[in-house]
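Novice: My structure is below; once you've seen it, I'll send some questions.
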Amino acid sequence: LRAQLGALTELKLENQRLNDLLGFKKQTRMDLLAAKVIGKDLLPEHNTISINRGTVHGVKEYMAAITIGGVVGYVIQPQALTSQILLLTDRYASIDALVQRSRARGIVEGHSQKNCRLNYLQREDDVKVGDFIVTSGLDDIFPKGFTVGTVTQVEKSQYDISQHVEIKPVVNPFTLEEIFIVLKTNQEDFSLDSPPAEN
């Protein structure tokens, strides 16, 4: 009975997640491809996941990977039936982004399994702890204004011309089970929406 109860609970939770994904897909203008996470490589120096969708499903290199809650990463190795996603926390990941409140622009780069950095901000750019960081949409890979994370630390040294900004991603890669691949953004713009809740 306990085994049956556990199986039913898992089925209920999966159905809820899938319903949420379906609702999001219906509301957006983007062309989205749903995918299941089938593998994780979350080593200190390499943060990737594998999904059960590939080139036969229309997946191409550098396509964005997202969830309802925010940015996951982007495709780096599409194969016929599977693809590898580089998570935004990987040290080789880079995503064009904005400070939602002030519109200051920088590049989000991976730093550790739990954190990213917003680099290339000018010293005079307005950024504060608690600010939301969102995608710029300038690369036409990610939709504009989609949440990346929140600022947890801002440092300005006396002589540097830039700032050191730490970000906590809104998406936790350790708990991902399903994601979307953005086949086309269709100029979707989330800039006027409220930031989604953390996952």
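The values are calculated or read from the model by the stated rules, or taken from the named source; none is laboratory data. Just so it is clear, the structure is predicted and the values come from calculations on it, not from any experiment. Quick reminder, even Gly has a Cβ in these numbers, built from the backbone with ideal geometry, and neighbours come from all protein chains shown. The protein model used for the area step is the full one, side chains on, heavy atoms only, and it has no ligands, DNA or RNA in it. Shrake-Rupley method; radii C 1.70, N 1.55, O 1.52, S 1.80 Å.
Novice: Order 26-34, 72-80, 129-137 from most to least packed using the mean count of other Cβ atoms within 10 Å.
Specialist: Taking the mean over residues of other Cβ atoms within 10 Å, the ranking is 129-137, 72-80, 26-34.
Novice: Another one. At q = 0.11 Å⁻¹, what is the log10 ratio I(q)/I(0) for region 122-198, with the Debye formula run over Cα points and no solvent?
Specialist: Results for region 122-198 at q = 0.11 Å⁻¹ read -0.37.
Novice: Take Asp160 and Lys26, extend 7 Å from each Cα along the Cα→Cβ direction, and tell me the distance between the two endpoints in nm.
Specialist: Modelled inter-label distance: 4.7 nm.
Novice: Moving to a separate point now. Run through region 95-159 and list the GluC sites (Glu not before Pro) located in a DSSP loop whose Cβ has at most 12 other Cβ atoms within 10 Å.
Specialist: Glu124
Novice: Follow-up question, since we're still on this one. Between their Cα atoms, which of Lys128/Lys184; Lys40/Lys60; Lys26/Lys128; Lys26/Lys168; Lys60/Lys128 are more than 25 Å away from each other? Spell out each step's value before the answer.
Specialist: Numbers: Lys128/Lys184 32 Å; Lys40/Lys60 20 Å; Lys26/Lys128 34 Å; Lys26/Lys168 28 Å; Lys60/Lys128 36 Å.
Beyond 25 Å: Lys128/Lys184; Lys26/Lys128; Lys26/Lys168; Lys60/Lys128.
Novice: Compute the accessible area per residue over region 30-161, keeping the other protein chains in place, probe 1.4 Å, unit Å².
Specialist: 47 Å²
Novice: Here is a follow-up. Can you compute the FRET efficiency between Tyr120 and Thr152 using 1/(1 + (r/R0)^6), with r the Cβ-Cβ distance and R0 = 22 Å? Round to the nearest 0.05.
Specialist: My answer for the efficiency is 0.75.
Novice: Using r as the Cβ-Cβ distance of Lys60 and Asn186, and R0 as 25 Å, what FRET efficiency do you calculate, to the nearest 0.05?
Specialist: Rounded to the nearest 0.05, the efficiency is 0.95.
Novice: Given a Förster distance of 35 Å, report the FRET efficiency between Lys128 and Asn52 from their Cβ-Cβ distance, rounded to the nearest 0.05.
Specialist: Numbers: r = 40 Å, r/R0 = 1.15.
Step by step, r from the Cβ atoms, then E = 0.30.
Novice: When all C-alpha to C-alpha distances in region 29-105 are sorted into bins of 5 Å, what percent of pairs does each bin hold, rounded to whole numbers?
Specialist: Calculated over all Cα pairs of region 29-105, the distribution is 3, 15, 25, 23, 18, 9, 5, 2, 0 percent.
Novice: Output the direction-averaged projected area (hull surface divided by four) of the convex hull of the alpha-carbon atoms of the chain, in nm².
Specialist: Computing the convex hull of the Cα atoms and averaging its projections yields 12.2 nm².
Novice: For the chain, what % of the accessible area comes from carbon and sulfur atoms, probe 1.4 Å?
Specialist: Reported share for carbon and sulfur atoms: 52 percent.
Novice: What does the charge count around Leu43 come to, taking other residues whose C-beta lies under 12 Å from its C-beta (Lys +1, Arg +1, Asp -1, Glu -1)?
Specialist: Residues close to Leu43 contribute a combined charge of -1.
Novice: Just the number: Rg to Rh for region 64-140, Cα atoms, Kirkwood Rh, two decimals.
Specialist: Reported Rg/Rh, Kirkwood definition of Rh: 1.01.
Novice: Ok, one more. Treating the beta-carbon of each Lys and Arg as +1 and of each Asp and Glu as -1, no other charges, what is the dipole magnitude of region 83-199 about its Cα centre, to the nearest 20 debye?
Specialist: Value, rounded to 20: 240 debye.
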